[in-house]
Amino acid sequence: MTDLHEPPKLNPAQQQVTDDLGAKRHERPTFRDDLRDELRFELEDALDPLVAAADPLPLSVTKRDLALLHSCEAHYVADRQAEFAWTVPTARGSVAHKAIELLVAWKGHPVPLDLVDEAMARLEADERGIGVFLQSLSEAERAELAGRANDFVATFLETFPPLNRRWVPVAESRVRAELCDDNLTLQGRVDLSLGKADGTTAGKVLIDLKTGRPSPIHAEDLRFYALLETLKLGVPPRLLVNYYLESGLPRRESVTEDLLWSTARRLVDAVGKLVELIGPGARSPTTTPGPGCRWCPAAATCADGRRFLARDEDELPEADDI
């Protein structure tokens, strides 16, 4: 029987993650104590006239909104107009992430399926959204969903080092910023964070858990979260990590002031597009076909999207479905 007080032995994949994400005190960057105020001032200076022209208000922006506005505006507009419907594939990520949230404080050595079962039970207790969906599932559908989520959770436990409490692990951490007299909300939810700041010295690592192949948009998602963390705490995170479960490899990016300012400019550009695309007098959205066409609500009526999807499926990158 394993001694619960004995430090777990790490396999090579887990040891690599530990080595890649760790940093000694002297290796961690220190930021200006007025960085948050300067970022907020410059953002609001650029965003105020855009938001003032928006109708309706207030506006809300997520990482998905930013990704679509900078890739295919038509997909963004179709998403706004479509009514979201839960399915087993879309629920898989929510169940898996809830299981990992439970893992953070779980004592001992949990079995992945136990975490998944408990996650589904807790989500099902909610009388809204995914809770209603879970209550409607047949036994076969529940088993399929549990199996898909179990694959995610088991792979995470196998390739990621055990979450030491001294690392200050937090799962599904919500972060938001209110700008322009609360008329613009920026919001997100970080899959997993480790560490914390020490004064103005960065220490936090933000981690997004991914399946499928790497995409440049994954890095942009985490940069947006880094901006929100800076607006919230005044100290940026130290490191941004996209962790790809199927390969067991983290892709890291250090946070710098330049990265935060470029992310702020990207945000302003996206809000400008958003304001032009909604409300009375909205302009027609541009169409940029790509892998996202497979999940676009307007795919059936979009000529560009249909032509793209007609290509050999083998040419398309795998989806990030988490």
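The values are calculated or read from the model by the stated rules, or taken from the named source; none is laboratory data. Here the structure is a predicted model, which means the values were calculated and not measured. For neighbour counting, all protein chains shown are included, and Cβ atoms are generated from backbone atoms with ideal geometry for every residue, glycine included.
Observations
- The residues on offer are E42, E83, E27, E73, and the sole one that is out of contact with any His (no Cβ under 6 Å at 6 or more places or on another chain), crowded, with 16+ Cβ neighbours inside 10 Å and of a type outside the set (S, T, N, Q) is E73.
- Only listed residue being outside any loop (DSSP other than H, G, I, E, B), acidic (D, E) and buried (at least 19 other Cβ atoms within 10 Å of the Cβ), chosen from E276, E229, E253: E229
- Matching residues, segment 136-176, being of a type in the set (S, T, N, Q) and either under 20 Å from I207 (Cβ atoms) or touching a strand residue (DSSP E or B) at 6+ places or on another chain (Cβ under 9 Å) (or both): T155, T159, N164, S173
- Filtering segment 177-194 for residues that are in contact with a Gly (Cβ under 8 Å, 6 or more places away or on another chain) and free of Cβ contacts under 8 Å to residues at least 40 places away in the same chain leaves an empty set.
- Extreme residue, surrounded by the most Cβ atoms within 10 Å (Cβ to Cβ), among residues of segment 155-172 that are without any contact (Cβ under 8 Å) to a residue 40 or more places away in the chain and out of contact with any Lys or Arg (no Cβ under 7 Å at 6 or more places or on another chain): W167
- Of the residues making up segment 210-244, those that are among the aliphatic types (A, V, I, L, M), under 14 Å from the mean Cα position of the chain (by Cα) and at pLDDT 95 or above are A219, L222, A226, L227, L228, L240, V241.
- Each residue in segment 25-40 was checked for being within 17 Å of S254 (Cβ to Cβ), out of contact with any strand residue (DSSP E or B) (no Cβ under 6 Å at 6 or more places or on another chain) and in a loop (DSSP other than H, G, I, E, B), and 3 pass.
- L10 surrounded by 12 or more Cβ atoms within 10 Å (Cβ to Cβ), closer than 30 Å to R283 by Cβ, in contact with a helix residue (DSSP H, G or I) (Cβ under 8 Å, 6 or more places away or on another chain) and among the hydrophobic types (A, V, I, L, M, F, W, C): no
- Of the set (1) within 17 Å of S94 (Cβ to Cβ); (2) in a helix (DSSP H, G or I); (3) free of Cβ contacts under 8 Å to residues at least 12 places away in the same chain; (4) not hydroxyl-bearing (S, T, Y), all apply to A140 but (1).
- Residue tally, condition buried (at least 17 other Cβ atoms within 10 Å of the Cβ), part of a strand (DSSP E or B) and over 13 Å from the mean Cα position of the chain (by Cα), over segment 187-209: 2
- Test: residue in segment 286-295 that is more than 16 Å from the chain's Cα centre (by Cα), under 21 Å from E44 (Cα atoms) and either of a type outside the set (A, V, I, L, M) or buried (at least 19 other Cβ atoms within 10 Å of the Cβ) (or both): no
- Of the residues making up segment 87-109, those that are part of a loop (DSSP other than H, G, I, E, B) and either over 15 Å from A149 (Cα atoms) or in contact with a Lys or Arg (Cβ under 9 Å, 6 or more places away or on another chain) (or both) are W106, K107, G108, H109.
- L123 being without any contact (Cβ under 8 Å) to a residue 60 or more places away in the chain, surrounded by 12 or more Cβ atoms within 10 Å (Cβ to Cβ), closer than 17 Å to V88 by Cα and out of contact with any Gly (no Cβ under 7 Å at 6 or more places or on another chain): no
- First in segment 204-215 and closer than 20 Å to L228 by Cα, second anywhere and surrounded by fewer than 24 Cβ atoms within 10 Å (Cβ to Cβ) and polar (S, T, N, Q), Cβ under 7 Å, 6 or more apart: K204/S193; V205/S193; L206/S193; I207/S193; D208/N242
- With respect to the stated conditions, L179 is modelled with pLDDT of 95 or more, surrounded by 18 or more Cβ atoms within 10 Å (Cβ to Cβ), closer than 28 Å to K204 by Cα and not small (G, A, S).
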